[in-house]
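What follows is a short report on a single structure.
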Amino acid sequence: KGDKVTQGDPNGSVGSRLLHSFYQFFPRSLSPYLPGPLSLPLLGNMLELAHDHLPSHLTSLARRYGNIYRLKCGNTTMVVLNSGDVIREALVKKWSDFAGRPHSYTGDVVSGGGRSISLGDYSEEWRVHRRLAHNALQRCSQQSLHGVIQKQALHLRQVLLDYNGRAADLSEDFTVAASNVITTLAFGKEYEKSSSELQRLHGCLNEIVSLWGSPWISALDSFPLLRKLPNPPFSRLLKEVDRRDEIIRTHLDDKTSEDAIAITGALLNGLGKRQDTTQGVVLTDTHVHMAAVDLLIGGTETTAAWLSWTVAFLLHRPEVQCRVYDELCTVLDGRYPQYSDRYRLPVLCALISEVLRLRPVAPLAVPHRAIRDSSIAGYFIPKNTVIIPNLFGAHHDPAVWTDPYAFKPERFLEGGGASTRALLPFGGGARLCLGEAVAKMELFLFTAYLLRDFQFVPAESQASLPDLTGVASVVLKAKAYTVIARPRPTMP
Ligand code: HEM
């Protein structure tokens, strides 16, 4: 019964064996055990997956089929997990069963043949790669991250002051601030918004993420015959990947990456020389290269999107902004915050948690793959099933959250009834977001600096309040909006 394969299977090991026999003779899509919408011949449930706001659509399907259901896409069976309990069971409790990533033709193209941390499958080589990048980031967080973020927060303050009270779309300024934190850590470099080098880097990373998510390209994974036909979006993807690789190579070769501050850069470079003799794992230049890509892609749009969401929600409830400002003034007595101040700033922390809950910026995490037969919530899950952790769904589960769609940071304050332990914005287990510690420090310091120095007010009237539905791709972003950043009289 303790056996991983049968764990959680209400039929025990005999039942599991029977189920194995069943699957030998019947297509898995006909399994009576996992509910899900009707799957069409050939198309499967592709139409469900083509939805505009996929996280929200998958959440509405959970109301009909329950917190765990299956979808078919070509030959692939996907299992969508929609509550904290089932997500934790798969990602944390049974992490070793579900730590894989799905193999795909196009995934290999964008990840240097599966040698990135985010898309690489679970293997000894991947573990060594991730461990070294994790250690590098951790050391860097302890030594210089605080100063790097503070510098970017003060720079962002100046950029907002330069708007002179004009309404502006701040999303690009947030992207530059978040990106500069990562490029400083990875390459010892930072950029102005107008820098052509930065525009080129962002342009091609965004293009890769959006092309890779497009149906023209994902169709190549489900229907291999299409690979023989001309496919202009795929040709563009190949070109952008070449462009990305050239930019990263130039940065990694650049002498400034030897700067004391570019600790991650130096350690990433060290990866190339690293050999884990016990396991015979050798990491190559491609691993170094792909780790830099991982940090840039994972660490830029996520943090920037979160900042845009925070300002958008605050415009809808200005009294929350006043409360955070009052707390900052009272507790800090005029000085700028340190990360260690977070324990004394519960209102600010509640705001951060509530925005992470309502808009987990990686709403469907990254798909996982069952690396062996296992089970979730008592359902048999065969090897190679793709697992989609719907973090957005878990954060809107009415069984856990009162009034789940309302923006109420006070729910996380004492007596508010909600616990941050129920949040899963960074996933969990072996695939927990590699940049969680970096992101948490960034969210805290950027928000504290911004709300200490500025009052955010709607561009014109209440009618111009930002739309809160957002645009969902790999990252869940707010729709473009403008806002006025009015300097506080207490600004130094
Ligand atoms: C993976 C969330 C910021 C680097 C992930 C995953 C989530 C996530 C949900 C997928 C976990 C899974 O597959 O189960 C977030 C959020 C962020 C954030 C909400 C900010 C608000 C960052 C930053 C970095 C980063 C700043 C880099 C410094 C990565 C990497 C992975 C990842 C490399 C892949 C990990 C793996 O596959 O082992 N992130 N992230 N993220 N994140 Fe983040």
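What follows draws every value from the coordinates through simple rules; no lab data is involved. Note that this is a predicted model, so its numbers are computed, not measured. Backbone-built Cβ (ideal geometry, glycine too); neighbour counts: all protein chains shown.
Worth a mention:
- Checking the cross-link pairs K93/K228; K189/K440; K189/K239 against a 32 Å limit on the alpha carbon distance flags K93/K228 as lying beyond it.
- Each of E319, E410 was scored by other Cβ atoms within 10 Å of its Cβ. Listed from fewest to most, they are E319, E410.
- Under 14 Å of direct C-alpha separation, and excluding same-chain neighbours fewer than eight residues apart, K72 reaches these aspartates and glutamates: E48, D221.
- Mean Kyte hydropathy of 0.5 or more with a Cα span along the axis of at least 30 Å, helices from DSSP in the chain: 285-316
- Placing R0 at 51 angstrom, the Cβ-Cβ distance between T250 and V92 gives a FRET efficiency of 0.80 after rounding to 0.05.
- Put a dot 7 Å past the Cα of E172, heading toward its Cβ, do the same for L43, and the two dots end up 3.9 nm apart.
- Across the chain, the relative contact order, built from alpha-carbon pairs under 8 Å that are at least six residues apart, equals 24 percent.
- Taking the fewest neighbouring Cβ atoms within 10 Å as the starting point, the ordered list for R101, R115 is R115, R101.
- Distance between the pseudo-spin-label points of Q143 and N75 (7 Å out from Cα toward the beta carbon): 4.8 nm.
- Taking 14 Å as the straight-line reach from the Cα of K477, the aspartates and glutamates in range (excluding those fewer than 8 positions away in the same chain) are D52, D169, E172, E301, D467.
- The slack between R227 and D326, meaning 0.36 nm per residue of separation minus the straight C-alpha distance, is 29.8 nm.
- Proxy reagent accessibility, fewest Cβ within 10 Å first, across C329, C349: C329, C349
- A simple charge model with +1 on the Cβ of Lys and Arg, -1 on the Cβ of Asp and Glu and nothing else charged puts the dipole of the chain at about 1020 debye relative to its Cα centre.
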